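These notes concern the structure reproduced below.
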Amino acid sequence: MKQERTITQAAIEVLKHSDKTLSVSEIYAKIIENSLYDFHAQDPLSVLRVELRGHAYGIDYPSASSKKFFSYDEESRTFGLVNRNIKQKNIKEDITQLSKLRELHRQYTSEFKGKILKQLKGLNPYDFESFCKNLLGKYGFHNLTVTKKSRDGGIDGHGKLKVGLAFMNVAFQCKRWDTGKVSRKEIDAFRGAVQGEYEQGLFFTTSSFSMIR
């Protein structure tokens, strides 16, 4: 009785007997020629390609397998077998490099956020309000307006956000503070100013929020 193989096992068998890397169509032809696997798909080449890429070292995506058997040459678009010792060494090296990249990314993100925050704190309050207005515009808000100085009644600006077929009235308040935290008192005052005319309120600050209720 013929032993059943998986597509991956059939591809490995083909590449074991090849002295060069092979394309997907070449691997498929060898599989059929040697009756290594019976494809029951309308597009067997695509099925084989997915299996090869999913088990290929250096090709990573969410649904890819953690078990890697093949190498992939981007220029020639061909696959080969990965030597186990080389594969383990490369995996360890990649893990080390990935850890370094993650740490560099963490440091870069932290420094970048720090620089942005410093620049925002350097703005005068009215320019900070304009920044918040422009930021909301980038996120799809319409008819944005910054209220007049000293006459905002707790609201620094307002606009509209399309939700489905309707528009939702949104107000926002901005606190460009160097020190201190936004207290519950400020939040409650803003909530009171928003109620009635607006369906949602957004609070921007360069500081942080107090946990005290």
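Assorted remarks:
- R0 of 45 Å, Cβ-Cβ distance K16-K113: FRET efficiency to nearest 0.05: 0.30
- Among N83, F209, A166 - extreme Cα towards positive end, dipole of the chain, charges at beta-carbon: F209
- Gained length - F39 relative to E199, 0.36 nm times residue gap less alpha-carbon distance: 51.9 nm
- Dipole magnitude (debye, nearest 20) for the range 7-82, charges at Cβ of Lys, Arg, Asp, Glu: 180
- Summary of the geometry: the range 185-213 and the range 26-42, compared by the centres of their Cα atoms, lie 65 Å apart.
- FRET efficiency for A29 and L101, using Cβ-Cβ distance with R0 set to 35 Å, rounded to 0.05: 0.35
- Between the amide H of L202 and those of A171, F172, Q173, distances stay under 5 Å, these residues lying 5 or more places away or on another chain, with hydrogens modeled in the peptide plane.
- Estimated dipole of the range 123-209 in Debye, rounded to 20 [Cβ of Lys and Arg +1, of Asp and Glu -1, Cα centre]: 40
- Nearest 10 degrees, 0 to 90: helix 125-138 Cα axis against the chain principal axis: 40
- Anisotropy class of the chain from Cα gyration tensor, a/c 1.5 cut: prolate
- Taken about its Cα centre, the chain carries a charge dipole of about 1020 debye when Lys and Arg each add +1 at the Cβ and Asp and Glu each add -1 at the Cβ.
- Computing FRET efficiency as 1/(1 + (r/R0)^6) for N124 and K162, where r is the C-beta to C-beta distance and R0 is 35 Å, gives about 0.65.
Coordinate-derived values only; no laboratory data. In this text, all values refer to a predicted model and were calculated from it rather than measured experimentally. Virtual Cβ from ideal backbone geometry, glycine too; neighbours counted across all protein chains shown.
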